[in-house]
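*Asks:* My questions will all concern the structure given below.
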């Protein structure tokens with residue numbers, strides 16, 4: 001992984017990472033002292049975490065402390081907040097999958113569902129991944145039953161490239177997933193990833 005300047009992953013310290021602004025949202029690096037309580041309250045919803053591979057339920061302050069101290073440092077994570085109220089919408093980020101590839105993942109607090117926030121934030125993060133971070137490809141995985149997230153990813157250009165089984169921590173077992181990909185060249189009118197057979 002490239003941690004310096006140039007092509008690849010300039011994984012900057014949290015206080016040096018950019019804030020992304022959309023029409024209705026601010027995507028900013030997480031700050032434990034500011035965000036912890038609201039983050040735990042939103043993530044401790046079984047309906048929110050039921051599709052998330054790496055999030056346990058119940059979700060405790062200890063889990064959040066690990067997220068802020070370890071995950072947020074090692075991955076390109078943002079917390080989404082409404083610009084009009086400042087309320088936490090959820091979390092969205094990029095997990096490194098090599099020098100020029102990352103996996104996009106996210107969750108939204110249940111009160112923020114069906115308002116178009118996931119699509120709005122995903123468009124901003126995809127744009128930043130390809131223009132700001134200069135990544136070549138993004139991947140994502142969605143539980144087969146999670147059709148709402150599948151639609152979000154398809155709206156921003158992801159296409160299905162395969163099927164897999166992934167462990168889902170909150171379920172305590174495996175669940176079938178749809179694997180998706182989006183190439184940087186797709187954003188500029190180039191070829192898209194090969195669709196699944």
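The values are calculated or read from the model by the stated rules, or taken from the named source; none is laboratory data. Predicted model, so just to flag it, every value in this text is computed and none were measured. Note that each Cβ is placed from the backbone with ideal geometry, even for glycine, and that neighbours are counted across all protein chains shown.
*Asks:* If residue 29 passes every condition in (1) within 21 Å of residue 142 (Cα to Cα); (2) surrounded by 18 or more Cβ atoms within 10 Å (Cβ to Cβ) but one, which one does it miss?
*Replies:* Condition (1) is where residue 29 drops out.
*Asks:* Evaluate the range 53-66: report whether one residue or more is out of contact with any strand residue (DSSP E or B) (no Cβ under 8 Å at 6 or more places or on another chain) and farther than 27 Å from residue 173 by Cα.
*Replies:* Checking the range 53-66: not a single residue is out of contact with any strand residue (DSSP E or B) (no Cβ under 8 Å at 6 or more places or on another chain) and farther than 27 Å from residue 173 by Cα.
This table checks each residue for (1) assigned to a loop (DSSP other than H, G, I, E, B); (2) in contact (Cβ under 8 Å) with a residue 12 or more places away in the chain; (3) within 23 Å of residue 68 (Cβ to Cβ).
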| position | (1), (2), (3) |
| --- | --- |
| 103 | no, yes, yes |
| 122 | no, yes, yes |
| 129 | no, yes, yes |
| 135 | yes, yes, no |
| 151 | no, no, no |
| 157 | yes, yes, no |
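*Asks:* Something else now. Give 97, 163 a once-over and let me know the one that is surrounded by fewer than 20 Cβ atoms within 10 Å (Cβ to Cβ), closer than 20 Å to residue 54 by Cα, touching a residue at least 40 places away in the same chain (Cβ under 8 Å) and touching a strand residue (DSSP E or B) at 6+ places or on another chain (Cβ under 7 Å).
*Replies:* Testing whether each residue is surrounded by fewer than 20 Cβ atoms within 10 Å (Cβ to Cβ), closer than 20 Å to residue 54 by Cα, touching a residue at least 40 places away in the same chain (Cβ under 8 Å) and touching a strand residue (DSSP E or B) at 6+ places or on another chain (Cβ under 7 Å) leaves just 97.
*Asks:* Would you tally the residues in the range 1-27 being touching a helix residue (DSSP H, G or I) at 6+ places or on another chain (Cβ under 9 Å) and at pLDDT 95 or above?
*Replies:* The qualifying residues number 7.
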